[in-house]
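The values are calculated or read from the model by the stated rules, or taken from the named source; none is laboratory data. Source: prediction; values computed, not measured. Don't worry about glycine lacking a Cβ; one is built from the backbone with ideal geometry, like all the others, and counts go over all protein chains shown.
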Amino acid sequence: MFRRFNFEKDLCETLEFVPMPVRRKLDLAGVKLHLNQWQALSRVERLVICHFPVASSEEREVLAAFIREAVKNRTGTELAAIKPESRDDTPGPSQAPPPEVARLIAELKLPDTRWSLFDPDERFALAKLARGPADKFMSAWSEFADHKAAATDNPGRPVQR
């Protein structure tokens, strides 16, 4: 499944850059994919990566092998590996947000209780976006919080993404 966030809608259409949920997949698969390597891949190869499941260790290994082979064929370069301890360092729902996220939550006066309601893809995106401009972080936070509020307000109705 290719999860798309509204705050990066244009990016998901062009795939010129790596979407946040795909960046998390790469981390889970232990793959360090540079932007020039991503852009060297065909659109079909990028879509395969976007849609590839990573729920099991076998799926993550196969994704990493696919990307290694595709990048080598397209660029003649080898992929850098991510150290196992650096893979998907997204804090869990019961853990405190990373310092950069906590700082922005305080500065923007956001409800810190929302952090525990966000799913792993959302927490990953917020942790990455907290390192950049506050407006991108705020766009993502608003999208995720609005989605959670809609799900809470209508518990029996599925929420469209």
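Observations on the model:
- Flag for Pro111 being over 18 Å from Ser142 (Cβ atoms) and outside the structural domain of Thr14 (by TED's automatic domain parsing): no
- Residues satisfying the stated conditions in region 36-59, i.e. in a helix (DSSP H, G or I) and among the small types (Gly, Ala, Ser): Ala40, Ser57
- Restricting region 118-161 to residues that are modelled with pLDDT of 60 or more and among the polar types (S, T, N, Q), the residue that is surrounded by the most Cβ atoms within 10 Å (Cβ to Cβ): Ser139
- Just one residue in the set Leu41, Leu110, Leu63 is modelled with pLDDT under 95 and of a type in the set (A, V, I, L, M, F, W, C); that residue is Leu110.
- Some residue of region 50-61 being more than 27 Å from Trp141 (Cα to Cα) and of a type in the set (Ser, Thr, Tyr): yes
- Members of region 1-35 that are in contact with a Pro (Cβ under 8 Å, 6 or more places away or on another chain), assigned to a loop (DSSP other than H, G, I, E, B) and surrounded by 20 or more Cβ atoms within 10 Å (Cβ to Cβ): Phe5
- Within region 16-56, being touching a Cys at 6+ places or on another chain (Cβ under 7 Å) and either over 20 Å from Phe144 (Cβ atoms) or β-branched (Val, Ile, Thr) (or both) holds for one residue alone: Val22.
- Qualifying residue in region 128-136 (condition: of a type in the set (Lys, Arg) and free of Cβ contacts under 8 Å to residues at least 24 places away in the same chain): no
- All conditions in (1) in contact (Cβ under 8 Å) with a residue 24 or more places away in the chain; (2) within 16 Å of the chain's Cα centre (by Cα) hold for Thr75, with the sole exception of (2).
- Residues that are acidic (Asp, Glu) and within 13 Å of Asp27 (Cα to Cα), drawn from region 60-84: Glu61
- Annotation: of all residues in region 36-76 being small (Gly, Ala, Ser) and surrounded by fewer than 16 Cβ atoms within 10 Å (Cβ to Cβ), the one that is farthest from Met1 (Cα to Cα) is Gly76.
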